[in-house]
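Undergrad: Take a look at the following structure, please.
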Amino acid sequence: MKKFKFTKIVSLALAMFMAFSVFTVSVSAANRGDAYKRQLTADEIATIKTVFDAKYYGTVYMDVVYFYGYDYYTPAIDDILFAHFINCGIWEERQPSAAFNVDVYASRNTDLQPQFGDDIIAYYMYYATHLKEQSWRVVPTLNDAWAKQATIYSVYDFQVGQVGPKPGAVAVQTPDSPAFKLDDK
């Protein structure tokens, strides 16, 4: 009985730690993204929508679904989730689908870093408009980056004209990071 109680306490402590960690990272990302936020053009919105998967976004970011008070069976949920992504989620570096992680795409495609720097929208636009080219580029998911032991930085850590992150940038994922498999299914 004591073993069960101990396990329960440790599990609760771990859950609280993870919840606090995720909240802290989310708040930090949201605040950082505010500096880059801008009005998107209709063309940018339409193009980005081609890589957006509402079911994935709603599953991974349940806080958004709960905030708006909708569930998966609400007919307008796809539009509501996409509106959140365009207005908030994209700037917070939330991912639009299991197949695309903007931080991985920016970090592992060093030829794009000098051209786009920290312009998160430029990476989305390039990915969505160069689909034939994507066949020879790296798989833009956290799982693939982890499997290939790639170090991943936030897209906001890059500068135009420079390959690699800004001095002092802290990696989002490193080769010794634990396997974090929320990105793929």
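The values are calculated or read from the model by the stated rules, or taken from the named source; none is laboratory data. Just so it is clear, the model here is predicted, and its values are computed rather than measured. Here Cβ is always computed from backbone atoms with ideal geometry, including for glycine, and neighbour counts include all displayed protein chains. These area figures cover heavy atoms from the full protein model, side chains too; ligands, DNA and RNA do not enter into them. Shrake-Rupley method; radii C 1.70, N 1.55, O 1.52, S 1.80 Å.
Undergrad: Taking region 158-172 only, how many residues are under 16 Å from residue 105 (Cβ atoms), outside any strand (DSSP E or B) and of a type in the set (A, V, I, L, M, F, W, C)? Explain how you work it out, then say what you get.
TA: Kept after step one, since they are under 16 Å from residue 105 (Cβ atoms), are these residues of region 158-172: 158, 163-165, 171-172.
Okay, now just the ones that are also outside any strand (DSSP E or B), so 163-164, 171-172.
Retained after the next criterion (residues that are of a type in the set (A, V, I, L, M, F, W, C)): 163, 171-172.
Within region 158-172, residues that are under 16 Å from residue 105 (Cβ atoms), outside any strand (DSSP E or B) and of a type in the set (A, V, I, L, M, F, W, C) number 3.
Undergrad: Hey, another quick one. Only one of these is modelled with pLDDT of 95 or more and either open to solvent by less than 40 Å² (accessible area, probe 1.4 Å) or out of contact with any helix residue (DSSP H, G or I) (no Cβ under 8 Å at 6 or more places or on another chain) (or both): 80, 86. Name it. Give the derivation first.
TA: Details: 80 fails: modelled with pLDDT of 95 or more.
The match here is 86.
Undergrad: Going by what's in this entry, would residue 94 be described as crowded, with 17+ Cβ neighbours inside 10 Å and either of a type outside the set (S, T, N, Q) or under 15 Å from the mean Cα position of the chain (by Cα) (or both)? Before the answer, list the steps.
TA: Details: crowded, with 17+ Cβ neighbours inside 10 Å: yes; either of a type outside the set (S, T, N, Q) or under 15 Å from the mean Cα position of the chain (by Cα) (or both): yes.
Judged against the criteria, residue 94 is a match.
Undergrad: Pairs, please: C-beta under 9 Å, at least 6 apart or cross-chain, first residue at positive phi and in region 105-119, second assigned to a loop (DSSP other than H, G, I, E, B) and open to solvent by 10 Å² or more (accessible area, probe 1.4 Å)?
TA: 117/159; 117/160; 117/161; 117/162
Undergrad: Let me ask something else about it. For region 153-175, state whether one or more residues are out of contact with any strand residue (DSSP E or B) (no Cβ under 9 Å at 6 or more places or on another chain), open to solvent by less than 30 Å² (accessible area, probe 1.4 Å) and farther than 20 Å from residue 55 by Cβ.
TA: Our first condition is that a residue be out of contact with any strand residue (DSSP E or B) (no Cβ under 9 Å at 6 or more places or on another chain); within region 153-175, this holds for 155-156, 160-163, 167-168, 170, 175.
Now drop any that are not open to solvent by less than 30 Å² (accessible area, probe 1.4 Å), which leaves 155-156.
Right, trim to farther than 20 Å from residue 55 by Cβ and you get 155-156.
Yes.
Undergrad: Is there any pair linking a residue in region 139-158 that is more than 22 Å from residue 91 (Cα to Cα) and modelled with pLDDT under 95 to one that is charged (D, E, K, R) and part of a helix (DSSP H, G or I), with Cβ under 6 Å and at least six apart or on different chains, and which?
TA: Partner pairs satisfying both residue conditions: 150/108.
Undergrad: Might you let me know whether region 120-128 holds any residue that is open to solvent by 20 Å² or more (accessible area, probe 1.4 Å), touching a residue at least 12 places away in the same chain (Cβ under 8 Å) and more than 26 Å from residue 87 (Cβ to Cβ)?
TA: Looking through region 120-128, none of the residues is open to solvent by 20 Å² or more (accessible area, probe 1.4 Å), touching a residue at least 12 places away in the same chain (Cβ under 8 Å) and more than 26 Å from residue 87 (Cβ to Cβ).
Undergrad: Quick check on region 138-152: of everything there that is open to solvent by 70 Å² or more (accessible area, probe 1.4 Å) and within 15 Å of the chain's Cα centre (by Cα), which residue is nearest to residue 99 (Cα to Cα)?
TA: Going through the qualifying residues, I end up with 139.
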